[in-house]
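**Student:** Structure provided below as structure tokens; questions to follow.
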Amino acid sequence: MNYDFTTVLDRAGHDCLAADRIPFEGVRPDAGFDAIPMWVADMAFPTAPPILDAVRARMEMPNFGYFALPKEYYESIIDWHRTRNGVEGLEPKHIGYENGVLGGLSSALQAFTTPGEKLLVHSPTYVGFTHTFEDTGRVVVHSPLKRDENGVWRMDYEDMDRKLTEHDIHFAVFCSPHNPCGRVWEREEIERAMAIYRAHDCIVFSDEIWSDIIMPGYHHIPTQSVSEDAKMRTIALYAPSKTFSLAGLVGSYHIIYNDHLRARVERRGILSHYNEPNILSVHALIGAYRDSADWCDEMIRVIDENLTYACDFIYTYFPGVKVMKPQGTYMLYLDCGEWCREHGVSIGELQKRGVKCGVIWQNGETFFLPDTIRMNLALPKSRLMEAMDRLKKYVFI
């Protein structure tokens, strides 16, 4: 490997939510177990060197006053999407800074819906979506994904169509790749979903923040690319934060081709007075998209190896735990319902067992599927192997 994905960083006390907080109140690792953070969706790897170089270069100018987004910001985004996803025709005017994907979602919700209005989203549902829906007073209607005979998560198109009709819904949130399930949607699947949204005159908010972390053999299809109608009814959100672990710098962006949609979303962002970029995050994005593609490709191979190891380990040693190897993202979503019933253990007790032996995972039930756990596998393989060994010895027993 050309880059470092093996060093175990001690991030505790260094502005790290994953290492400094345990998401289970009153539960701590027992004596003799150090914490292995596997809950917050950020990486435990050192940041790509070209990003650090870009930030250092900007810091050599010892002034951080007001600024305008440089042309290199737009050029790097356009080049990245052309190279990675074959996107053509993307122009600077289609791109707009967003202070986080959820901030962009909040702006879109307030621009096109009213408090009390219903919207459609697939479940399991990313918990950040849920908080944003609740905070803006919108009413969520869930369309559950279903697993086929091979355990692959699929959209239930009939359920989507029925609920859009029954609730007179005209705003939908789409997650591609899907978090927490890890599905990378195929073109035909997106086309069918977008045809349903079109039939119901839905504005579609497409969260594509995970679109750069796609496992070998799969390919991300931008929602806006499947048809001209999809292009014009979709508000797409992207960010380098998951791909390059830059969440602490803050900096997402929208791609909106429809002038009317873009004007409404941008106007809402302006009214909030929050939607201003950080100069260091701008240069971090440029360093990521301009010079870090090789690092990204190597990271994906590391993640794929981790996912394979974890899924094989679970299949071998945790019978009754269902998991689909993610096609994208670095998150693993465990359905522990069968195991819990067979062993007379509640999902809450199972989650606590993990924390007590230092495996700090996340309550998956907050994503609207019972008896589940979400795990972050973007960490050195040595730590993953230690975590799985602990789960075998002290949790799934």
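The values are calculated or read from the model by the stated rules, or taken from the named source; none is laboratory data. The model shown is predicted, which means the values in this text are computed figures rather than measured ones. For neighbour counting, all protein chains shown are included, and Cβ atoms are generated from backbone atoms with ideal geometry for every residue, glycine included.
**Student:** Look through V40, V8 and report the one residue that is touching a strand residue (DSSP E or B) at 6+ places or on another chain (Cβ under 9 Å) and either aliphatic (A, V, I, L, M) or part of a helix (DSSP H, G or I) (or both).
**Tutor:** Details: V8 fails: touching a strand residue (DSSP E or B) at 6+ places or on another chain (Cβ under 9 Å).
After ruling out the rest, the residue left standing is V40.
**Student:** Now for a different question. Can you confirm whether A19 is closer than 26 Å to P180 by Cα, of a type outside the set (D, E) and modelled with pLDDT of 95 or more?
**Tutor:** Numbers: closer than 26 Å to P180 by Cα: yes; of a type outside the set (D, E): yes; modelled with pLDDT of 95 or more: yes.
Considered against the rule, which asks whether it is closer than 26 Å to P180 by Cα, of a type outside the set (D, E) and modelled with pLDDT of 95 or more, A19 comes out as yes.
**Student:** Would you please name the residue that is surrounded by the most Cβ atoms within 10 Å (Cβ to Cβ), looking only at residues in the stretch 227-251 that are small (G, A, S) and over 19 Å from I77 (Cβ atoms)? Don't jump to the end; show me each part of the working.
**Tutor:** Let us first name the residues in the stretch 227-251 that are small (G, A, S), namely 227, 230, 236, 239, 241, 245, 247-248, 251.
Those still in the list that are over 19 Å from I77 (Cβ atoms) too: 227, 230, 248.
Numbers: S227: 16, A230: 23, G248: 12.
Checked the stretch 227-251; the qualifying residue surrounded by the most Cβ atoms within 10 Å (Cβ to Cβ) is A230.
**Student:** Here is a further query. Inspect the stretch 209-228 for any residue being out of contact with any strand residue (DSSP E or B) (no Cβ under 9 Å at 6 or more places or on another chain) and assigned to a helix (DSSP H, G or I) and give the result as yes or no. Walk me through it before giving the result.
**Tutor:** Going through the stretch 209-228, the residues out of contact with any strand residue (DSSP E or B) (no Cβ under 9 Å at 6 or more places or on another chain) turn out to be 216-217, 219, 221, 225-228.
After this cut, where a residue has to be assigned to a helix (DSSP H, G or I) as well, the list is 225, 228.
Checked the stretch 209-228: at least one residue is out of contact with any strand residue (DSSP E or B) (no Cβ under 9 Å at 6 or more places or on another chain) and assigned to a helix (DSSP H, G or I).
**Student:** For H254, state whether it is under 20 Å from S106 (Cα atoms), at pLDDT 95 or above and surrounded by 15 or more Cβ atoms within 10 Å (Cβ to Cβ).
**Tutor:** Details: under 20 Å from S106 (Cα atoms): yes; at pLDDT 95 or above: yes; surrounded by 15 or more Cβ atoms within 10 Å (Cβ to Cβ): yes.
Yes: the conditions hold for H254.
**Student:** Which residue pairs have Cβ atoms under 7 Å apart, sit 6 or more places apart or on different chains, and have a first residue in the stretch 386-397 that is within 11 Å of K356 (Cβ to Cβ) and a second that is among the β-branched types (V, I, T) and buried (at least 19 other Cβ atoms within 10 Å of the Cβ)?
**Tutor:** Between residues of the stretch 386-397 that are within 11 Å of K356 (Cβ to Cβ) and residues that are among the β-branched types (V, I, T) and buried (at least 19 other Cβ atoms within 10 Å of the Cβ), the close pairs are R390/V359.
**Student:** Can you find even one residue in the stretch 68-81 that is farther than 20 Å from G251 by Cα and more than 20 Å from the chain's Cα centre (by Cα)? Working first, answer last.
**Tutor:** Of the residues in the stretch 68-81, the ones farther than 20 Å from G251 by Cα are none.
No - not one qualifying residue is present in the stretch 68-81.
**Student:** Does F174 meet the test of being under 23 Å from Q362 (Cα atoms), at pLDDT 95 or above and part of a helix (DSSP H, G or I)?
**Tutor:** Spelling it out, it is not the case that F174 is under 23 Å from Q362 (Cα atoms), at pLDDT 95 or above and part of a helix (DSSP H, G or I).
**Student:** Of all the residues that make up the stretch 340-374, how many are more than 25 Å from V140 (Cα to Cα) and assigned to a strand (DSSP E or B)?
**Tutor:** Within the stretch 340-374, residues that are more than 25 Å from V140 (Cα to Cα) and assigned to a strand (DSSP E or B) number 2.
**Student:** Looking at the stretch 300-319, which of its residues are more than 18 Å from F45 (Cα to Cα) and either charged (D, E, K, R) or in contact with a Phe, Trp or Tyr (Cβ under 6 Å, 6 or more places away or on another chain) (or both)?
**Tutor:** Of everything in the stretch 300-319, those that are more than 18 Å from F45 (Cα to Cα) and either charged (D, E, K, R) or in contact with a Phe, Trp or Tyr (Cβ under 6 Å, 6 or more places away or on another chain) (or both) turn out to be D312, F318.
**Student:** Then there's this: If we keep just the residues of the stretch 6-53 that are small (G, A, S) and in contact (Cβ under 8 Å) with a residue 60 or more places away in the chain, which is nearest to G128 (Cα to Cα)? Walk me through how you get there before you give the answer.
**Tutor:** Here is the first cut: in the stretch 6-53, the residues small (G, A, S) are 12-13, 18-19, 26, 31-32, 35, 41, 44, 48.
Within this subset, residues satisfying the condition of being in contact (Cβ under 8 Å) with a residue 60 or more places away in the chain are 18, 35, 41, 44, 48.
Working: A18: 16, A35: 24, A41: 11, A44: 21, A48: 26 Å.
Top of the filtered list is A41.
**Student:** Hey, another quick one. Considering only the stretch 299-308, I want to know if a residue exists there that is surrounded by fewer than 21 Cβ atoms within 10 Å (Cβ to Cβ), modelled with pLDDT of 95 or more and in contact with a Cys (Cβ under 9 Å, 6 or more places away or on another chain).
**Tutor:** Within the stretch 299-308 (the criterion being surrounded by fewer than 21 Cβ atoms within 10 Å (Cβ to Cβ), modelled with pLDDT of 95 or more and in contact with a Cys (Cβ under 9 Å, 6 or more places away or on another chain)), the answer is no, since none of the residues qualifies.
**Student:** Here is a follow-up. Hey, can you tell me all the residues within the stretch 339-397 that are out of contact with any helix residue (DSSP H, G or I) (no Cβ under 7 Å at 6 or more places or on another chain), polar (S, T, N, Q) and either surrounded by fewer than 20 Cβ atoms within 10 Å (Cβ to Cβ) or within 30 Å of A48 (Cβ to Cβ) (or both)?
**Tutor:** Q362, N376, S382
**Student:** Any idea which of K146, K93 is at pLDDT 95 or above, under 25 Å from K325 (Cβ atoms), loosely packed, with under 14 Cβ neighbours inside 10 Å and basic (K, R)?
**Tutor:** Details: K93 fails: under 25 Å from K325 (Cβ atoms).
Matching residue, one of K146, K93: K146.
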